[in-house]
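Quick notes on the structure that follows.
Please treat every number below as a calculation from the coordinates, not as lab data. Owing to the predicted nature of the structure, the values given are computational and were not obtained by experimental measurement. Note that we place each Cβ from the backbone using ideal geometry, even for glycine, and neighbour counts take in every protein chain shown.
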Amino acid sequence: MTLLGAAEIRTLAEKLDLKPSKSLGQNFVIDANVCRKIVRTAGITSSDIALEIGPGLGSLTLALMEEAASVVAVEIDSRLANQLPITAAAHSEGANNLTVINQDALQLKSLPVAPTVLVANLPYNVSVPVFLHLLEILPTLRSGVVMVQAEVADRLTAKPNTKEYGIPSVKAAWWAEVTGAGSVSRSIFWPAPNVDSKLVAFKRRETPGSEELRKEVFAIIDLAFAQRRKMLRAALSSRYGGSGAAEAHLSAAGIDPTLRGESLDIHSFCKIAQQGLES
Ligand code: SAM
């Protein structure tokens, strides 16, 4: 299959009279080798059902179609969603294996197929919420590779006690093991963004507890990082009815109340939440 290069991307954009939208994070990959590398990094096999969010003009989609049994692509922009099957048919004999859904990924509740792997160059301004939302609603997704802004990749993969560690790092760790998978130059995009990107790989793991526990854990994480410099006993005081009560709660959970959220891993947050559900 021939993939899309810089010339085809420009021709397609002209045909659609498309001015790439900043607010939709429309930076299209113009380098076919990078697309093949992303698909290789994701380790896709011919039994995989691949999910792509924001297929855009189809650079990565065509590379996915080369390897996966089928591809489901969710695109918010109807001009792009309508064009994609036409582009796929022009480049591939397996275009029937592509399903395009014209929807906001953040509003997605379910899919007509059960995807096994996620591969996406995520729209920058919603990359973390989309990533966490998909892990929540699509339990069949077992692994994947996403391209995000370098700074966001550093946050998603950060470990406790680093300045990058925060809400995205801990929430992602609830669902999956998340690791860095390399850098991507801004020069492979049209238009070129102002920042470099990185690849992030994930492998789903067994969650540390029930959905009830997750909701409690996520609420505590939000509070703990809302004012990062506060000790946990102060940051969680509103949840437990004052800082004295929060201190007692944290001590009962085996967590030092003078620590800050930034030094706790997902399992320590679970201990705090578990204590709340038990008491
Ligand atoms: N995958 C293409 C590529 O690599 O060339 C395009 C990636 S571009 C960074 C992001 C794409 O996500 C755009 O096509 C944009 O229209 C789409 N998009 C933006 N917000 C979205 C959302 N909430 N749900 C689904 N797609 C979205």
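Placing +1 on the Cβ of every Lys and Arg and -1 on the Cβ of every Asp and Glu, with no other charges, gives the range 211-278 a dipole of roughly 300 debye about its Cα centre. As a calculated quantity, the FRET efficiency between Asp196 and Thr45 at R0 = 25 Å, using C-beta atoms, amounts to about 0.25.
Which of the trypsin sites (Lys or Arg not before Pro) found in the range 145-222 are in a DSSP loop and have at most 10 neighbouring Cβ atoms, other than their own, within 10 Å?
Counting only loop positions with at most 10 other Cβ atoms within 10 Å, the trypsin sites (Lys or Arg not before Pro) in the range 145-222 are Lys163.
What percentage of all Cα-Cα pairs in the range 115-202 are separated by more than 20 Å? Could you put the intermediate results ahead of the total?
Working: 1132 of 3828 pairs.
Result: 30 percent of Cα pairs exceed 20 Å.
Between the range 90-124 and the range 245-279, what is the C-alpha centre distance in whole Å? Between the Cα centre of the range 90-124 and that of the range 245-279, the gap is 39 Å.
Scaled against 2.2 N^0.38 Å for its residue count N, the alpha carbon radius of gyration of the chain is 1.11. Between Ile167, Ile76, Ile86, the Gaussian network model of the chain with springs among Cα atoms under 10 angstrom shows the greatest mean-square fluctuation at Ile86. Taking each DSSP H run with n ≥ 4 as -39500 (n - 2.57) and averaging over every residue of the chain yields -12000 deg cm²/dmol at 222 nm. Close lysine pairs were tallied over the range 6-204: pairs 8 or more places apart or on different chains with Cα atoms under 22 Å apart number 12.
State to the nearest 20 debye the size of the charge dipole of the chain about its Cα centre, where the only charges are +1 on K and R beta carbons and -1 on D and E beta carbons. Display every interim value, and only then the final one.
Details: 28 positive and 28 negative charges, 129 e Å.
Magnitude of the dipole: close to 620 debye.
If you count the DSSP beta bridges with both ends in the chain, what percent of them are antiparallel, to the nearest 5? If I count the DSSP bridges inside the chain, around 50 percent turn out antiparallel.
Net charge within 12 Å of Val72 by Cβ-Cβ distance, Lys/Arg positive one each and Asp/Glu negative one each, not counting Val72 itself?
-3
Between Thr41, Val126, Thr99, the Cα set farthest toward the positive side of the dipole of the chain (charges on each charged residue's Cβ, about the Cα centre) is that of Val126.
Taking only the C-alpha atoms of the range 211-278, the Rg (one decimal) and the largest Cα-Cα distance, Dmax (whole number), read 10.3, 29 Å.
Using equal-weight Cα scatterers in the Debye expression, the normalised intensity of the range 1-128 in log10 at q = 0.17 Å⁻¹ is -0.83. Distances between every pair of Cα atoms in the range 154-279, grouped in 10 Å steps from 0 to the bin holding the largest one, split as 13, 39, 27, 13, 6, 1 percent.
Each of Ser210, Gly244, Thr258 was scored by the projection of its Cα onto the charge dipole of the range 152-279, and the greatest displacement toward the positive side belongs to Thr258; charges sit on the C-beta of Lys, Arg, Asp and Glu.
When the alpha carbon gyration tensor of the range 1-73 is reduced to an equivalent ellipsoid, the three semi-axes, largest first, read 23, 13, 10 Å.
Would you mind putting 42-49, 108-115 in packing order, based on average other-beta-carbon counts within 10 Å, highest first?
Values: 42-49: 16.4, 108-115: 13.1.
Highest to lowest by the protection proxy: 42-49, 108-115.
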